[in-house]
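S.K.: Below you'll find the structure I mean.
The values are calculated or read from the model by the stated rules, or taken from the named source; none is laboratory data. Note that this is a predicted model, so its numbers are computed, not measured. A quick note on method: Cβ atoms are made from the backbone with ideal geometry, for glycine too, and the neighbour counts reach across all protein chains shown.
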């Protein structure tokens, strides 16, 4: 899927990350906010960088979902890419394929913000405030850039994990093919993430399940980006950095699907002490932003649980230590049926009520545990000086 390097000016297409990776740490020179750096720490010219990126088949922009500064960087990067490649298509991790009609109507100018949130089912399928993403959505609508929902519905992911790929008809899984296996490095990477949130169950089996779910997720998004790149368009993916780091997740699946020139760009929080630097091989290029919360809106309160769908309500998969949920007595395998008097049938309904809480609030939680209904109180920390 390689195109000749002839757009705007003759530039050499960048070498894939691991082809020229040098051993050792990325350059010791301090990285300042506003700088672009390459995979080995070298300072990059933005003009040259974006001319180079314009020749790629796909550009993948990472994020931490709750960081507004990351989304600001994504918006500015999209604007720069669009100047070179107005034929771009933006793929969004945030929405499953069933939300595509809402995205099409949004880009066409047929929906206002509230209608889009309702018709896309944003609150139920994505646990982060839509206001973090609205500037990007408005940018796409202003320029008529197609937006693609590249994720899958959670029940479909759960079905594939339970029944296996062969048991789910191809049309039911949007003709997405099974993923290529995880590399040893990716499994180790995911194992480190998993170890931060132990479930207390069979750790080996739970890790296998976790890796399986991530591979389904990665493959689905890669398949959506292949669709976005059709007709020689530039596919730009917006997704969590964990799907991109070290080219383990989505880039690995893209390569298996035939897109070998996918560039990974990540925001890097520049530490004023200059003690930290990106690890070698983490991404193709980094943009340094100021660390800390000075430019961030107030953070939402967190219950401190990992959740999943259940026919009876919202199942608690795991509870984080020292969290609001742990203090309330919520346990793994509890099924939350209501919070603050609001029935919770799907994870998004629980998340929506939690987002409305204020510091110091007490939130009643009703759970089913071993067939018994239990009333608990979740107390959110009071504001600190």
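S.K.: If a residue must be surrounded by fewer than 21 Cβ atoms within 10 Å (Cβ to Cβ), more than 25 Å from the chain's Cα centre (by Cα) and not in a strand (DSSP E or B), how many such residues does region 334-348 contain?
M.R.: Of the residues in region 334-348, 2 are surrounded by fewer than 21 Cβ atoms within 10 Å (Cβ to Cβ), more than 25 Å from the chain's Cα centre (by Cα) and not in a strand (DSSP E or B).
S.K.: Scan region 269-279 and give yes if some residue there is more than 16 Å from the chain's Cα centre (by Cα), in contact (Cβ under 8 Å) with a residue 24 or more places away in the chain and not in a loop (DSSP other than H, G, I, E, B), otherwise no.
M.R.: Checked region 269-279: at least one residue is more than 16 Å from the chain's Cα centre (by Cα), in contact (Cβ under 8 Å) with a residue 24 or more places away in the chain and not in a loop (DSSP other than H, G, I, E, B).
Each row is one residue, and each column tells you yes or no for (1) closer than 13 Å to residue 59 by Cα; (2) in a helix (DSSP H, G or I); (3) assigned by TED's automatic domain parsing to the domain that holds residue 86.
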residue	(1), (2), (3)
220	no, yes, yes
226	yes, yes, yes
231	no, yes, yes
236	yes, no, yes
246	no, yes, yes
251	yes, yes, yes
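S.K.: Looking only at region 64-81, decide whether some residue is within 25 Å of residue 295 (Cα to Cα), in contact with a helix residue (DSSP H, G or I) (Cβ under 8 Å, 6 or more places away or on another chain), assigned by TED's automatic domain parsing to the domain that holds residue 173 and modelled with pLDDT under 90.
M.R.: Looking through region 64-81, at least one residue is within 25 Å of residue 295 (Cα to Cα), in contact with a helix residue (DSSP H, G or I) (Cβ under 8 Å, 6 or more places away or on another chain), assigned by TED's automatic domain parsing to the domain that holds residue 173 and modelled with pLDDT under 90.
S.K.: Quick check: is even one residue across region 352-362 surrounded by 16 or more Cβ atoms within 10 Å (Cβ to Cβ) and under 29 Å from residue 205 (Cα atoms)?
M.R.: Checked region 352-362: no residue is surrounded by 16 or more Cβ atoms within 10 Å (Cβ to Cβ) and under 29 Å from residue 205 (Cα atoms).
S.K.: Hey, another quick one. Among the numbered criteria (1) touching a strand residue (DSSP E or B) at 6+ places or on another chain (Cβ under 7 Å); (2) not in a strand (DSSP E or B), which one does residue 316 miss?
M.R.: Unmet condition: (2).
S.K.: Over 22 Å from residue 136 (Cα atoms) and surrounded by 23 or more Cβ atoms within 10 Å (Cβ to Cβ): does that describe residue 209?
M.R.: Answer is no for this residue.
S.K.: Mind listing just one residue for me: the one in region 248-262 that is buried (at least 24 other Cβ atoms within 10 Å of the Cβ) and in contact with a helix residue (DSSP H, G or I) (Cβ under 6 Å, 6 or more places away or on another chain) and, of those, nearest to residue 151 (Cα to Cα)?
M.R.: Only one residue tops the list, namely 250.
S.K.: Let me ask something additional. From the list 348, 360, 341, 313, pick out the single residue that is touching a helix residue (DSSP H, G or I) at 6+ places or on another chain (Cβ under 7 Å) and outside the structural domain of residue 46 (by TED's automatic domain parsing).
M.R.: 348
S.K.: Shifting gears a bit: If residue 304 satisfies all but one of (1) modelled with pLDDT of 90 or more; (2) crowded, with 16+ Cβ neighbours inside 10 Å, what's the number of the condition it fails?
M.R.: With (1) modelled with pLDDT of 90 or more; (2) crowded, with 16+ Cβ neighbours inside 10 Å applied to residue 304, the lone miss is (1).
S.K.: Any chance region 104-114 includes a residue that's in contact with a strand residue (DSSP E or B) (Cβ under 7 Å, 6 or more places away or on another chain), in a strand (DSSP E or B) and either under 27 Å from residue 249 (Cβ atoms) or modelled with pLDDT of 95 or more (or both)?
M.R.: No, because not a single residue in region 104-114 is in contact with a strand residue (DSSP E or B) (Cβ under 7 Å, 6 or more places away or on another chain), in a strand (DSSP E or B) and either under 27 Å from residue 249 (Cβ atoms) or modelled with pLDDT of 95 or more (or both).
S.K.: Consider residue 129 against the criteria (1) over 17 Å from the mean Cα position of the chain (by Cα); (2) surrounded by fewer than 20 Cβ atoms within 10 Å (Cβ to Cβ): it satisfies all of them except one. Which criterion is unmet?
M.R.: (1)
S.K.: Now for a separate question. Quick check on my filter: what residues within region 283-301 are touching a strand residue (DSSP E or B) at 6+ places or on another chain (Cβ under 7 Å) and either surrounded by fewer than 16 Cβ atoms within 10 Å (Cβ to Cβ) or in a loop (DSSP other than H, G, I, E, B) (or both)?
M.R.: 283, 284, 290, 291
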